[in-house]
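Report on the following structure.
The values are calculated or read from the model by the stated rules, or taken from the named source; none is laboratory data. Remember, it's a predicted structure, so these values are computed and weren't measured experimentally. Glycine also receives a Cβ, built like all others from the backbone with ideal geometry; neighbour counts cover every protein chain displayed.
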Amino acid sequence: MTAVTGALGTFLDGYEAPLVAAGLSLVATLFLTPFVKKLAIKKGAIDDPKKDDRRIHKEPIPRWGGLAIFGGIVIALAAVIPFAYPVNPFPPYLIGLLVVATILVGLGALDDVKHFSAKIQAGYILAGGFIIQLFSPELQMQGMSPMFGIGGDTWIDFGWLAWPITAIYYFVITKTMDTIDGVDGLASGIAAISSAALAIIAVMEGQPRVALVAAAIAGSCVGFLKFNYNPAKIFMATGGSQMLGFTLAAISIVGAFKTAAALALLIPMLVFAVPLFDAVFVVLRRLKSGEPITQGDKRHVHHTLLSFGLNQRQTVWVLYIVTGITCGVLVWMVGRS
């Protein structure tokens with residue numbers, strides 16, 4: 001028995017606090033979501049399928065699920081981090097992440113009612129990308145090493161361009177996660193898989209706080225799936241998808257970009273493979289048809305899979321599997337680096 005316990009302890013070494021955070025965020029989100037659903041109905045934050053022909057659901061569905069997801073994350077971090085790291089529990093980068101994420105989830109929730117234009121959304125996301133860099137240099141992409149060691153140990157310093165490059169990175173990941181949220185359970189499932197991969201990479205690379213934050217995100221997304229998996233009872237909507245995209249972008253910079261420099265370019269390409277591919281796929285199709293790239297339509301990857309005859313559950317599982325494979329490949333590559 002002692003040998004088994006010892007082996008288990010070795011296997012879980014470094015994962016204890018992240019697992020506790022994931023469990024707490026999952027439970028907290030399960031508890032919060034029904035209350036958020038009632039609040040959304042009361043305040044009129046409802047997704048009406050009659051608004052346009054892009055909607056797949058047939059009945060009005062409450063929005064604001066992102067509030068429950070974010071609440072679960074915050075509760076888990078507030079409960080676990082002070083015990084796991086009693087000295088300087090909330091460093092500047094984590095404070096910055098939480099501050100900007102709070103602003104984004106609030107603006108996103110307002111957008112779910114007011115329906116901001118694409119320009120306004122782009123404006124506040126880019127502003128958030130600049131603001132978060134003020135909190136800590138760890139939240140900025142200051143440079144990179146060539147992929148796979150090509151060019152030796154050369155370091156490409158971005159200099160002052162680090163500010164706009166980083167802001168654009170935040171914007172791209174945030175918007176791609178937002179636009180992938182078109183089928184029940186898709187965005188929450190992909191965010192859960194991606195954040196779990198980032199948590200594992202952070203443990204492997206000695207970034208325990210990043211692992212804890214990523215695990216809290218994963219747990220909250222899994223908890224939300226109980227209500228968001230087809231047939232969905234509530235949507236995370238703009239506030240949830242943009243907050244998740246932004247926070248995942250932030251921890252990918254703090255964790256993976258800092259510790260696996262030789263794989264820096266591959267990290268977003270593999271962790272966020274499905275949302276990024278979907279964005280490129282949609283933009284190219286809109287350009288080909290001569291339509292504005294910001295115009296909503298049914299050209300997304302999930303819409304294409306549905307047009308092939310797959311139902312919503314089959315569609316999300318195809319994209320879950322693709323995300324799992326790309327994230328698994330990245331974890332394997334980081335482990336070997």
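Applying the selection to region 58-110, what residues are assigned to a loop (DSSP other than H, G, I, E, B) and either crowded, with 22+ Cβ neighbours inside 10 Å or of a type in the set (S, T, N, Q) (or both)?
Across region 58-110, the qualifying residues are 63, 64, 88.
Counting only residues that are of a type in the set (S, T, N, Q) and assigned to a helix (DSSP H, G or I), region 111-121 holds 1 of them.
Anything in region 153-191 that is closer than 26 Å to residue 322 by Cα and assigned to a loop (DSSP other than H, G, I, E, B)? List them, or say none. Within region 153-191, 180, 181, 182, 183, 184, 185 qualify. Of all the listed residues (166, 247), the sole one being surrounded by fewer than 24 Cβ atoms within 10 Å (Cβ to Cβ) and in contact (Cβ under 8 Å) with a residue 24 or more places away in the chain is 166. Among residues of region 173-206 being farther than 14 Å from residue 249 by Cβ and polar (S, T, N, Q), the one that is modelled with the lowest pLDDT is 179. Is it the case that some residue within region 122-138 is under 21 Å from residue 74 (Cβ atoms) and outside any helix (DSSP H, G or I)? There is at least one residue in region 122-138 that is under 21 Å from residue 74 (Cβ atoms) and outside any helix (DSSP H, G or I).
Of all residues in region 210-226, none satisfies being more than 29 Å from residue 14 (Cα to Cα) and either assigned to a helix (DSSP H, G or I) or polar (S, T, N, Q) (or both).
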